[in-house]
Structures are given as structure tokens and as C-alpha cells.
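Participant: Have a look at this one.
The values are calculated or read from the model by the stated rules, or taken from the named source; none is laboratory data. In this text, all values refer to a predicted model and were calculated from it rather than measured experimentally. Backbone-built Cβ (ideal geometry, glycine too); neighbour counts: all protein chains shown. Ligands, DNA and RNA are stripped out before the accessible areas are found, and what is left, the full protein with its side chains, is counted by its heavy atoms. Shrake-Rupley method; radii C 1.70, N 1.55, O 1.52, S 1.80 Å.
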Amino acid sequence: MKKGVFITLEGLDGAGKTTQIKRLAAKAQALGIETVTTREPGGTALGDAIRKILLDPAYKEMLPLTEALLYAASRAQHVEEVIRPALRAGKLVICDRFLDSSLAYQAFGGGLAAEYVRYINEEAVKSCKPDRTFVLDLDPQEGQARKGQMKADRMEQKSLDFHKRVREGFLQIAQKEPERMVVLDAMESPEAIFNAIWTNVAPLLSILR
Ligand SMILES: Nc1ncnc2c1ncn2[C@@H]1O[C@H](COP(=O)(O)OP(=O)(O)OP(=O)(O)O)[C@@H](O)[C@H]1O
Ligand SMILES: [Mg+2]
């Protein structure tokens, strides 16, 4: 039985996910809440191996379907090995990207049917749904600018149009699940964004303290 709290952060590259996750984990830990931070793709030894394949610019020919299956494979391992055990143990789990990224990137961006992406993830996720998801909404060009000279990985090298569809995808997904998903303007300052996240999650975390 799940006793912990599961929070995910979503959004384009450079939107500020890692920045906010670090702050949230630090604040929760300071309050004595046992906290696990993790990320997708990856989060396990096998998942990290899959991540390398997914992000390697050498595989330019990778089909959206192949991509979607690899993300789901990484997720299956991640949920079973890391997320579910931590939630069972009553911990706070903060995950950098999760199922919503598969929907936004492989369905909205890559053109696969959203129902199919959901279907191949069903067994991977099982009942492990996030309690709260924050979407950091950002113009893709701004995200790219923030990342500066860093070498773009295979996903980042996709076209501006692709990333615009992904952004729109996140917004549409969020609209359908307003009780779980909160959209935040990633152009706000890191402090303002963190305050909004904290105000929202504090009541959820009260059960862990
Ligand atoms: N609210 C913000 N306003 C301006 N710059 C920000 C903001 N949040 C983060 N940044 C900066 O933007 C860059 C990207 O932030 P961060 O690494 O947190 O994004 P990310 O969503 O984790 O990206 P990625 O998907 O590539 O991991 C960093 O240099 C960070 O300092
Ligand atoms: Mg990051």
C-alpha cells in the first residue's frame, strides 16, 4: 500500500525542473521528510543505460515508436526498483519527468496516438500515479537559450516545431487533469516558482511529517 507522496516535474529542456527539484528536496529534508529525488529516463542502472541510447545523437534514425518503447522500458524498471518501494516506505519521491513527458514528446511531438503511449505505459506505471505534477511552461527558444553552449542531446536536437508541439502537449494534458497538474510560468523567477510549488505541496506533505 502506498503511504508516501509522489511529485513530478515536467516541462521542456531548460524550463527549470532540476533547479526546482533541488529546492523542494532541500526544504522537505530540512523538515525531516525522507526524500528521494530521481529522474527519467534513467533512475536505475538499467534505466541509465537506456537513457544513454535515447539521448545519443548517433541514433538520428530512431522512430517515435522505438523511442516510446524505450522510455516505457526505462519507466517499468524505475517504478519497480525505485519509486514504488520508496512510496511504500512512506517517503517523498520527486521525479524529474514521468509519463506526461512520454505523452508530450512521443504523442504530441512525435505523432504517435496518445492512447497507444498510455497503453504501453500501463504495465510500467500500474497504480503509481503522481499525486501532483508541476508543468514548467516555457517557450522552447528560451529554454534553448538558457542551456547556452551545452551540447544538445538527441531529443534536444529535434526541430523547433517539434518542441512547440511538446509545449502545447503539456498544456493540453494539464487542462484535462486540473486536480493533479499545475501549470507554472517558467519565466517567473526561481524564487517565485518555488513559492508557488511549496504553497501547493505543503498540505500534501503534512501527512509525512
Ligand atoms: N526561473 C528561472 N528563470 C531564469 N533562469 C532559470 C530559471 N530556472 C532555472 N534557470 C536556469 O536555466 C538553466 C536550466 O535550468 P534547469 O537545469 O533547472 O532546467 P531543466 O528543466 O532541469 O533542464 P533539462 O531538461 O535540460 O534538465 C539553468 O542555467 C538555470 O540556472
Ligand atoms: Mg534538468
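Participant: Looking for whichever is within 16 Å of ligand 1 (Cβ to nearest atom) and either out of contact with any strand residue (DSSP E or B) (no Cβ under 6 Å at 6 or more places or on another chain) or of a type in the set (A, V, I, L, M, F, W, C) (or both) here; the options are 69, 65, 46, 54. Which one fits?
Facilitator: 54 is the lone residue from the list that is within 16 Å of ligand 1 (Cβ to nearest atom) and either out of contact with any strand residue (DSSP E or B) (no Cβ under 6 Å at 6 or more places or on another chain) or of a type in the set (A, V, I, L, M, F, W, C) (or both).
Participant: Using beta carbons and a limit of 6 Å, which pairs, at least six apart or on different chains, have the first residue in region 182-201 and in contact (Cβ under 8 Å) with a residue 60 or more places away in the chain and the second one small (Gly, Ala, Ser)?
Facilitator: 186/15; 186/16
Participant: For region 105-128, what are the residues that are touching a residue at least 60 places away in the same chain (Cβ under 8 Å) and touching a helix residue (DSSP H, G or I) at 6+ places or on another chain (Cβ under 8 Å)?
Facilitator: 105, 107, 108, 109, 128 - these are the residues of region 105-128 that are touching a residue at least 60 places away in the same chain (Cβ under 8 Å) and touching a helix residue (DSSP H, G or I) at 6+ places or on another chain (Cβ under 8 Å).
Participant: Still on this model: Checking the structure you have, find out if any residue of region 7-23 is more than 21 Å from residue 102 (Cβ to Cβ) and away from ligand 1 (no atom under 12 Å from the Cβ).
Facilitator: no
Participant: While we're here: Out of 30, 58, 68, I need the residue that is open to solvent by 60 Å² or more (accessible area, probe 1.4 Å), within 20 Å of residue 156 (Cβ to Cβ) and more than 16 Å from ligand 2 (Cβ to nearest atom). Which one?
Facilitator: Just one listed residue meets the conditions, 58.
Participant: Which of the helices (runs of 4 or more DSSP H) found entirely inside region 96-198 contain at least 3 residues meeting this: within 14 Å of ligand 1 (Cβ to nearest atom) and exposed (fewer than 15 other Cβ atoms within 10 Å of the Cβ)?
Facilitator: Those helices (runs of 4 or more DSSP H) span 140-147.
Participant: Additional query: For region 107-126, check the following and say yes or no: at least one residue is over 24 Å from residue 42 (Cα atoms) and of a type outside the set (A, V, I, L, M).
Facilitator: Checked against the condition, which is being over 24 Å from residue 42 (Cα atoms) and of a type outside the set (A, V, I, L, M), region 107-126 yields no hits at all.
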